[in-house]
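Note sheet for the following structure.
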Amino acid sequence: MRSEFKNRKTFEDRARDSAAIRDQHTNKVPVIVERWGGHRQKKKRQITKFLVPDHVTVTELVRVLRRRLNLAPGQAFFLLSDRGLPPGTQTLAELWESEHDEDGFLYVFYAAQEYFG
C-alpha cells in the first residue's frame, strides 16, 4: 500500500525519527496510521503519527481510531497492514516485530464504510 507519509519525508528523516522515538520510549511502538487510498471519506480527517504502548492490541487501537474519527456505530471499520488484516488479539509490539518498515515505523491503513441504512 502506498504511504503519503513516506512521500512527504525522506527515508533518512523517517529512520532518524523512528530510531529517536524507540530510544526515548522503549515500551512504545511508532505507528503511522493513514487512510487507505481507495477509501472515500466525507471529512478529510487524516490521522498520521501515533506512539502506542507496546502491550496495546490491534482491537484496542481500532477502538481508539474509531473514537478519534467520530465514526457512527453503523460504520464498518477495517485496519490493514501490508500483509492484510492483522488479528485483533495481536499486540502492537508483535505486529511491529513482524511488519515494521525498514525505516522503523509500523504502517497501517484504515477504511470505513457504512453498512446499515
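Among the residues of the stretch 13-30, which ones are within 13 Å of D54 (Cα to Cα), loosely packed, with under 12 Cβ neighbours inside 10 Å and either under 16 Å from the mean Cα position of the chain (by Cα) or not β-branched (V, I, T) (or both)?
Selection gives N27 alone.
This table checks each residue for (1) in a loop (DSSP other than H, G, I, E, B); (2) touching a residue at least 40 places away in the same chain (Cβ under 8 Å); (3) not polar (S, T, N, Q).
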{"position": "P73", "(1), (2), (3)": "yes, no, yes"}
{"position": "A76", "(1), (2), (3)": "no, no, yes"}
{"position": "P86", "(1), (2), (3)": "yes, no, yes"}
{"position": "T89", "(1), (2), (3)": "yes, no, no"}
{"position": "A93", "(1), (2), (3)": "no, yes, yes"}
{"position": "E97", "(1), (2), (3)": "no, no, yes"}
{"position": "E102", "(1), (2), (3)": "yes, yes, yes"}
{"position": "F109", "(1), (2), (3)": "no, yes, yes"}
{"position": "A112", "(1), (2), (3)": "no, yes, yes"}
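I'd like to know if the stretch 97-107 contains one or more residues that are at negative phi, out of contact with any Pro (no Cβ under 6 Å at 6 or more places or on another chain), surrounded by 15 or more Cβ atoms within 10 Å (Cβ to Cβ) and of a type in the set (G, A, S).
no
For (1) at pLDDT 95 or above; (2) under 14 Å from D103 (Cβ atoms); (3) polar (S, T, N, Q), each residue gets a yes or a no:
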{"residue": "D13", "(1), (2), (3)": "yes, yes, no"}
{"residue": "V31", "(1), (2), (3)": "yes, yes, no"}
{"residue": "G37", "(1), (2), (3)": "no, no, no"}
{"residue": "R40", "(1), (2), (3)": "no, no, no"}
{"residue": "K49", "(1), (2), (3)": "no, yes, no"}
{"residue": "V52", "(1), (2), (3)": "yes, no, no"}
{"residue": "A72", "(1), (2), (3)": "no, no, no"}
{"residue": "A76", "(1), (2), (3)": "no, no, no"}
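Check whether at least one residue in the stretch 88-105 is polar (S, T, N, Q) and at pLDDT below 95, and report yes or no.
So far as the stretch 88-105 goes, no, none of its residues is polar (S, T, N, Q) and at pLDDT below 95.
Which one of these does V52 not meet: (1) exposed (fewer than 15 other Cβ atoms within 10 Å of the Cβ); (2) under 24 Å from D17 (Cβ atoms)?
(1) is the only condition that V52 fails.
Looking at the stretch 65-96, which of the residues that are among the hydrophobic types (A, V, I, L, M, F, W, C) and within 27 Å of R16 (Cα to Cα) is surrounded by the fewest Cβ atoms within 10 Å (Cβ to Cβ)?
The qualifying residue surrounded by the fewest Cβ atoms within 10 Å (Cβ to Cβ) is L80.
Give me the pairs: first residue in the stretch 48-60 and within 13 Å of V108 (Cα to Cα), second residue outside any strand (DSSP E or B) and aromatic (F, W, Y), beta-carbon distance under 7 Å, and six or more apart or on different chains, which are they?
Once the first residue is within 13 Å of V108 (Cα to Cα) and sits in the stretch 48-60, its partners that are outside any strand (DSSP E or B) and aromatic (F, W, Y) give T48/F5.
In the stretch 1-26, what residues are over 21 Å from L92 (Cα atoms) and in contact (Cβ under 8 Å) with a residue 60 or more places away in the chain?
F11
The values are calculated or read from the model by the stated rules, or taken from the named source; none is laboratory data. Bear in mind that the values here come from a model prediction, so they are computed numbers and not experimental data. With ideal geometry, Cβ positions are generated from the backbone for all residues, glycine too; neighbour counts draw on all protein chains shown.
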